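Here the structure is laid out as structure tokens; the discussion comes afterwards.
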Amino acid sequence: MLALRVGFARRDLGDLEAAQEHFRRAHALFEKLGHRAGQSQALAFDGWVTLRLGRRTEAVDLARASLALADGPARLTGLVTLGVALAPDDPAESLRALHDALRVAEQSNLPHNQAWCHNYLGVALRITGSPEKALDHHRRALELLEPLSETQMEIEFLHSYAETCHAAGRRDEALALLDRAVELARTLGRPHDEERARTAREVVRAARAHPRSEPAS
């Protein structure tokens with residue numbers, strides 16, 4: 001379906017609003033055709049970009065709608081979206097959804113999806129206040145990704161890993177990860193990803209240069 005393919009391309013370029021428009025167009029077409037799997041996929045990716053746009057409640061609704069139509073590996077994007085979106089408000093359900101996603105990826109022998117699930121388990125654990133536990137999942141994500149030559153996914157993972165390192169007070173590690181993300185994004189010709197990594201790097205550098213004073217005991 002052309003609308004889905006265009007949505008993926010716009011998403012990868014960082015144009016999330018345009019991607020969302022195409023995913024919603026694809027959903028309407030699939031709904032008209034009575035194509036449940038297509039509807040599920042369009043809803044799932046709409047939910048993911050909606051989450052990236054900061055609209056968590058709407059993302060949860062879209063993820064649940066996708067999951068109601070999906071089976072097997074088609075549930076992965078909806079489960080990950082649901083897990084990350086719920087992390088600030090419902091940690092238990094968040095982690096349950098993400099572990100369900102990881103289990104599906106493992107049972108289906110999908111190493112790139114296993115890596116994706118580990119990365120976002122790390123994100124959810126960081127959001128819920130367990131950055132040290134989160135680091136193990138980020139490390140595992142990159143281990144799984146190493147033989148797969150998924151450079152775009154690696155950039156995404158490096159950024160998430162760096163955010164968790166920053167939250168854990170490991171700023172030198174965060175900067176090294178962001179340096180690598182900038183390098184890969186430049187090599188791949190992804191200006192949006194390069195700028196995003198550069199911005200994150202400046203935030204970490206500023207925090208390292210001006211650390212917060214420790215509270216008085």
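A few remarks follow.
- Positive-end extreme of charge dipole, the chain - chosen from ALA92, THR81, PRO131 (charges on Cβ): THR81
- The range 117-135 and the range 29-46: distance between their alpha carbon centers, rounded to Å: 30
- Fluctuation leader among ASP89, ASP61, ASP100 - the chain, Gaussian network, Cα springs under 10 angstrom: ASP89
- Options (i) 37, 18, 16; (ii) 26, 22, 19; (iii) 30, 20, 16 - which one matches semi-axes √(5λ) of the Cα gyration tensor in Å as calculated here: (iii)
- Spacing of the two label points (7 Å from each Cα toward its C-beta) at ASN109 and ARG205, in nm: 4.7
- Whole-percent P(r), the range 118-209, all Cα pairs, 10 Å bins from 0: 19, 50, 29, 2.
- Cβ-placed point charges (K, R +1; D, E -1), dipole of the chain about Cα centre in debye, nearest 20: 240
- Nearest-20 debye value, the range 101-188 charge dipole, Cβ charges on Lys, Arg, Asp, Glu: 220
- Counted as membrane-span-like here are DSSP H helices of the chain whose alpha-carbon atoms extend 18 Å or more along the helix's own axis and whose Kyte-Doolittle mean is -1.0 or above; these are 16-33, 36-52, 91-107, 111-127, 131-145, 151-167, 171-188.
- Ranked list, fewest to most other Cβ atoms within 10 Å of each Cβ, for GLU17, GLU150: GLU17, GLU150
Each value in this text was obtained by applying a stated rule to the coordinates, not by laboratory testing. This one's a predicted model, so the numbers in the text were calculated from it and none came from an experiment. Heads up, the Cβs are rebuilt from the backbone with ideal geometry, glycines too, and the neighbour counts pull from every protein chain shown.
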